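Chemist: My structure is below; once you've seen it, I'll send some questions.
The values are calculated or read from the model by the stated rules, or taken from the named source; none is laboratory data. Everything numeric here is computed off the predicted structure, so don't read it as measured data. Don't worry about glycine lacking a Cβ; one is built from the backbone with ideal geometry, like all the others, and counts go over all protein chains shown. Keep in mind that these areas ignore ligands, DNA and RNA; they rest on the heavy atoms of the full protein, side chains included. Shrake-Rupley method; radii C 1.70, N 1.55, O 1.52, S 1.80 Å.
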There are 2 protein chains.
Amino acid sequence: MMKEKILISHGSGGRLTHTLIENLFHRYFHFEELKKGDDGGVFFASEGKYVISTDSYVVDPIFFPGGDIGSLSVSGTINDLASMAAKPVCFSVGFVLEEGLDIESLEEVVSSMAVILKKENIPVIAADTKVVENRGNKSPGLFINTTGIGKVIKNLPGKKAIKPGDTIVINGTIGEHGFSVLSTRLELNQDDPIVSDARPLWNLVNSVLEEIPVKFMRDPTRGGVAGVLNELVKGMDFGILLYEEVIPVGNKVQGISELLGIDPLEVANEGKMIFVVDKKYSQDIIRILTSHPDGRDAQIIGEITGDYKGKVIVVNPYGAKRILHMPLGEQLPRIC
Amino acid sequence: MMKEKILISHGSGGRLTHTLIENLFHRYFHFEELKKGDDGGVFFASEGKYVISTDSYVVDPIFFPGGDIGSLSVSGTINDLASMAAKPVCFSVGFVLEEGLDIESLEEVVSSMAVILKKENIPVIAADTKVVENRGNKSPGLFINTTGIGKVIKNLPGKKAIKPGDTIVINGTIGEHGFSVLSTRLELNQDDPIVSDARPLWNLVNSVLEEIPVKFMRDPTRGGVAGVLNELVKGMDFGILLYEEVIPVGNKVQGISELLGIDPLEVANEGKMIFVVDKKYSQDIIRILTSHPDGRDAQIIGEITGDYKGKVIVVNPYGAKRILHMPLGEQLPRIC
């Protein structure tokens, strides 16, 4: 099937749909429940608290340095579950393919998903494929919905437990995913591209949860660090001070950020987690994170303050302060 | 917001995304878990067997007689769970909106979803919204992924328990959904349109399961009755005889079917369920179905046979037989 293209009839539930499922999806997704071909997949729950997280991925282009829409979708949903302290149990996947998509590209995407799912030991137990007409003059792509079920392994106290003096930690450099996609789209820096940080973080998060009573976690995707921290302080009786000189930013991200005039704090990450912990755990969490391959560049980037309620304040090396707003959201469409 | 249109930035995770979530989605989706705004929603499982079912809906046009993409998506996922004998527990919803979509249209779709979810008492506990560029010269639409979690209330024995002599039953007339969408798209019969049968069937299915040891159920959506029955016999040691004169087909469906040369057996339904039961329960299941508003036109349409292994045979009123193939799938794209 390698040089073939997706036709509208691949999505109509007839013979071509079955061919696609059997010759492509089932070759990569070796999951018993899926191969049964029922209208849903079965999982066995133990009594307790579960989380569902859903995301539709529409990243454009579908391939970028460091990943593709497939690895992104699976990592993103794992990370959303991780931010709820939930160990991934099983996934569903919904594909919306554009007519004319190379089946070879689809295969590459599905293969990227399969590699991560296998490594993380997460079965896909339900799936669906639809096909829509190609959109005008663009090269055909695809959208992926991944919905994950996770079992909550620890009850985080959440926002209400946060108090002035608490420490804000991130597991590494910011802005890589959004700038990687954007620079691919703009054909910038192609010799030495910015590589997306997209990766699954359950293993890292689990290591932290085993030792540290984390108060709050969130992955700074769309809207970046600015988005997550503004959501965190919204309506709360505290604010946040971020120390600009300790926020980890790679050289290439710094460069493109200055070139385009986009603050890396507003740019999406897909392999980062922000943790809020009591100050007394600051050094322990940094030790755990930096000893893990997905947290080598972890940093304490700020603290909770009783002043500036409901606001996120960036303090520069000279002590000057500026408000970091919730991003308006026009600058970086379709980065996830 | 009524006359506004969806902008790319409504999907970028910034202020406009938050406005859309708060001013539209939260007004219709009154679900506590959703309003928390976490990366996922929590549900409490009791020990046992659960089902996940996922579907992306890409129906075009998004409004049709008898429903819209919203009511369709919610009903479709309820019915997929029902076919696995699973009572719906909670849903996730993922929207992919096209730039330029009227916010009023989106509101109508979300409202349709909310009406059914409320009636069926199913919370949406996780949601996501993305925006993509409009596709060329078409009016902007949307895609919806609904993923449902259901608790299995009865273990159906499935295909392996089916034996010659078993009865095949459907809860009413066929082909209405597919032909409703198709005739809307072709602008046929607009004065007296074919109304889609899209509706949730959990209540009906539950009534049957309480009394009848159903062997197998499946909702004949994409690919229609022909698709479901061909999947059922595939590789099995039995075949199916369908009796043409007892297959319930409405007059309008019969008319358009002859006009377009499309067999209603190959056309999608969204409010139908096919049941396979031991012959001795034939009259009981018909009694239960016909006494329910969603099963008034229920019929025994055929039987399992030891002959014609792996094949579905349609017998006409004169006893002539033809093979009903798995639909190739080109005729009716984007009907769900």
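Chemist: Could you rank the peptides A:73-82, B:209-218 by their average count of other C-beta atoms within 10 Å per residue, with the highest value first? Don't skip to the end; give the middle numbers.
Modeler: Values: A:73-82: 29.3, B:209-218: 18.2.
So the peptides A:73-82, B:209-218, ranked by packing, come out A:73-82, B:209-218.
Chemist: Based on alpha-carbon centroids, what's the gap between the stretch A:95-111 and the stretch B:295-316 in Å, whole number please?
Modeler: Taking the Cα centre of the stretch B:295-316 as reference, the centre of the stretch A:95-111 is 37 Å away.
Chemist: Right, another one. Would you look at the GNM of chain A, springs on alpha carbons closer than 10 Å, and say which of A:LEU324, A:LEU260, A:LEU242 moves the most?
Modeler: Comparing A:LEU324, A:LEU260, A:LEU242 in a Gaussian network model of chain A, the most mobile one is A:LEU260.
Chemist: Follow-up. Hey, which aspartates and glutamates would be in cross-link range of A:LYS321, C-alpha to C-alpha under 18 Å, not counting anything within fewer than 8 residues on its own chain?
Modeler: Qualifying aspartates and glutamates at Cα under 18 Å: A:GLU244, A:GLU245, A:ASP263, A:GLU266, A:GLU303, A:ASP307.
Chemist: Can you sort B:SER207, B:SER180 by 1.4 Å-probe accessible area, starting with the largest?
Modeler: Values: B:SER207 35, B:SER180 0 Å².
From most accessible down to least: B:SER207, B:SER180.
Chemist: Which of B:LYS138, B:LYS35, B:LYS49 moves the most in a Gaussian network model of chain B with Cα springs under 10 Å?
Modeler: For chain B, modelled as a Gaussian network with Cα springs under 10 Å, the answer is B:LYS138.
Chemist: Here's a follow-up. Rounded to the nearest 10 degrees, what's the angle between the helix B:224-233 long axis and the longest principal axis of chain B, both from Cα atoms, 0 to 90?
Modeler: 60 degrees
Chemist: Going by average Cβ density within 10 Å per residue, which order do the peptides A:182-191, B:225-234 take, highest to lowest?
Modeler: B:225-234, A:182-191
Chemist: Against the longest principal axis of chain A, how steep is helix A:176-185, in degrees 0 to 90 to the nearest 10, with axes from Cα atoms?
Modeler: 50 degrees
Chemist: Take every residue in peptide B:53-65, count the Cβ atoms of other chains within 10 Å of its Cβ, and give the average of those counts. Could the numbers behind the result be given before it?
Modeler: Working: counts 9, 16, 9, 14, 4, 8, 1, 2, 0, 0, 0, 0, 0.
Rounded to a whole number, the mean comes out at 5.
Chemist: For every helix of n ≥ 4 consecutive DSSP H residues, a contribution of -39,500 (n - 2.57) applies; sum these over the protein assembly as shown, divide by its total residues, and give [θ] at 222 nm rounded to the nearest 500 deg cm²/dmol.
Modeler: -8000 deg cm²/dmol
Chemist: Using a 1.4 Å probe on the protein heavy atoms, what percent of the accessible area of the stretch B:159-323 belongs to carbon and sulfur?
Modeler: That fraction is 47 percent.
Chemist: Also, quick follow-up: At a Cα cut-off below 22 Å, give the lysines reachable from B:LYS154, other chains included and same-chain residues fewer than 8 away excluded.
Modeler: Partners found: A:LYS35, A:LYS36, B:LYS49, B:LYS87, B:LYS163, B:LYS215, B:LYS272, B:LYS279, B:LYS280.
Chemist: Given the C-alpha centroids of the stretch B:7-44 and the stretch A:1-43, what is the distance between them in whole angstrom?
Modeler: That distance is 32 Å.
Chemist: B:LYS5: which aspartates and glutamates have alpha carbons under 20 Å from its alpha carbon, excluding same-chain residues fewer than 8 sequence positions away?
Modeler: A:GLU330, B:GLU22, B:ASP60, B:ASP68, B:GLU98, B:GLU99, B:ASP102, B:GLU104, B:GLU107, B:GLU108, B:ASP128, B:GLU133
Chemist: For B:GLY165, what is the net charge nearby, where nearby means another residue's Cβ is under 11 Å from its Cβ and Lys, Arg count +1, Asp, Glu -1?
Modeler: 0
Chemist: Just to confirm a number: summing +1 for Lys and Arg and -1 for Asp and Glu over residues other than A:ARG199 whose beta-carbon lies under 9 angstrom from that of A:ARG199, what do you get?
Modeler: That sum, taken over residues with Cβ under 9 Å, equals -3.
Chemist: If you fit an axis through the alpha-carbon atoms of helix A:103-120 and take the longest principal axis of the Cα set of chain A, what angle between them do you get, 0 to 90°, nearest 10?
Modeler: In chain A, helix A:103-120 runs at an angle near 50 degrees to the longest axis.
Chemist: Within 10 Å of each Cβ of B:318-328, how many other protein chain Cβ atoms are there on average?
Modeler: The shielding value for this peptide is 2.
Chemist: Continuing with this model, one more query. In whole Å, what is the distance between the alpha-carbon centres of the stretch B:135-174 and the stretch B:181-201?
Modeler: Cα centroid of the stretch B:135-174 versus Cα centroid of the stretch B:181-201: 20 Å apart.
Chemist: For labels at A:LYS321 and B:LYS163 in the simple 7 Å Cα→Cβ model, what's the distance in nm?
Modeler: 8.0 nm
Chemist: Tally Lys and Arg at +1 and Asp and Glu at -1 over the other residues with C-beta under 14 Å from the C-beta of B:ALA82: what net charge comes out?
Modeler: -3
Chemist: Normalising by the residue count of chain B, find the relative contact order in percent from Cα pairs under 8 Å and 6+ residues apart. It would help to have the intermediate numbers written out before the result.
Modeler: Working: 744 pairs, mean separation 77.0, N = 336.
The normalised contact order for chain B reaches 23 percent.
Chemist: How well do other chains shield peptide B:3-16, expressed as the mean number of their Cβ atoms within 10 Å of each residue Cβ?
Modeler: 6
Chemist: Taking springs between alpha-carbon atoms closer than 10 angstrom, which of A:LYS272, A:LYS154, A:LYS36 fluctuates most in the Gaussian network model of chain A?
Modeler: A:LYS36
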